[in-house]
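What follows is a set of notes on a single structure, which appears directly below.
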Amino acid sequence: MKVVITGACGFIGRQLIAELETRGHELRLLDMTRPEEATVFRGQTREHIPLQTDWPFVQAEITDEAAMVAACDGMDAVVHLAGEPRGLPELAVATFESNALGTFVAIDSAKHSGVGRFLCASSINAYGTFFWRLSGRAAPYASMPLDEGFDPVPEDPYSLSKLVNEKTCAAYNRAYGMTALAFRFAGVWTSERYEQAVSDGLPPTTAWSDDLYQWVHVEDVAQGLRQALENEALTGYGVFTLGAGDTRCPEPTRQLLQRLRPDLEVVGKLPGRAPLLSIAAAQAAFGYAPQYRLGP
C-alpha cells in the first residue's frame, strides 16, 4: 500500500515508519521540518534528533493545500499525525488552527487526490474529561470504564480541536464515502519512559486521578494504526481509543474503584488491572492487542 504519513518526524511518526516498513508498504513522508533538523517532544520541550530516512520527503505545513494535494497524489492512504501536541493557553489559536484546520486540509487534499483511506490522530482529550477542565468542574462521568459512547465535553482549545477532527472525518465519510478513522491516543510513552516505570515499580495509589491512570506504549500505537490501515474490512467512519491493557496502579481495578470512587457504576468485568479507558472497540474492530504492560 502507498501511504502518506504527516508529522513523520515526530516520535509516533518515526515508530509508524518502522512498523510499516517491515510490512512492505511504500511511504511518502511529510513534516514542516527537514529530516536533518527534526526534533521530538520530551515532555514540554523539543529535543533535536534527526530523522534518518530514504523515503520521499515533503517539507510543508499541513495547512499548505497545494503541498498536501501533491503529497497525496497517487497514494492509497493517509495517516495524519501532524499537529500541535501542547495544550498551552498562550498557544490556543495556533493549536486550534494547526489541529482543526490542518486536519481539514489534509482530508480534503486526500479526497481531491482520490485517496480513499484516511486515518487521523485524535486524542483521549476529545472526551473532555482529561486535563484542562477550564471550568473547574469535575469530569461528568457516572460509570467505568470510559468508552467511545461517552458524550464528549471538551472545554479547552486542544481537546476541542481533537473532537472537531473526529467530526471532520465523519463529515467526509458521509459526503464522499471515504473511509475516515480517528484514533484517540492515550498518553503515549516512549520506550525510555516505559523502561523507567518498570524499573521503578508502580507506586501506591493514594488519590483518585481524572486521567484514569492511563498510558500507552508508542510501539502499541504504531501497531494499532498499522492493523487498522491494513484491515480491508474496516471501512466507513469510526472512532477508536488506543490505550494500554492495564493501568499505572499496582492494585486490581475493581478494588481501586471500590476504595476511591464507590459512586461510579462498574460496567463489565474489569478483571485484574484492566484499564479504566476502554480499548474494546479497537480490539473488536481490527484486533488491537497492546503488548506492553506495567507489571504482571
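Quick notes
- Look at the dipole of the chain built from charges on Cβ: of Leu276, Asn231, Thr129, the Cα furthest out on the positive end belongs to Leu276.
- Of the Cα atoms belonging to the chain, the radius of gyration and Dmax stand at 18.7, 55 Å.
- Each of Pro262, Leu20, Met32 was placed along the dipole of the chain (beta-carbon charges, centred on the mean Cα), and the one lying farthest toward the positive end is Pro262.
- Cross-link partners for Lys167 among the aspartates and glutamates, with Cα-Cα distance under 14 Å and sequence neighbours closer than 8 places in the same chain left out: Asp108, Glu148, Asp151.
- Each Lys or Arg adds one and each Asp or Glu subtracts one; over the other residues with Cβ under 12 Å from the Cβ of Ala281, this totals -1.
- Fully extended contour minus Cα-Cα distance, from His48 to Phe131, at 0.36 nm per residue: 27.2 nm
- Pairs from Lys2/Lys111; Lys2/Lys162; Lys111/Lys162 whose Cα-Cα separation, in the structure shown, is over 22 Å: Lys2/Lys162
- Calculated from the alpha-carbon coordinates, the stretch 88-176 shows an Rg and a Dmax of 14.5, 45 Å respectively.
- Cβ crowding within 10 Å averaged over residues, with 191-201, 283-293 ranked highest first: 283-293, 191-201
- Charged-residue dipole, Cβ positions (Lys, Arg, Asp, Glu), the chain about Cα centre, Debye nearest 20: 700 debye
Values in this text are rule-based calculations from the coordinates and carry no lab data. All figures in this text were calculated on a predicted structure; none of them were measured in a lab. Here Cβ is always computed from backbone atoms with ideal geometry, including for glycine, and neighbour counts include all displayed protein chains.
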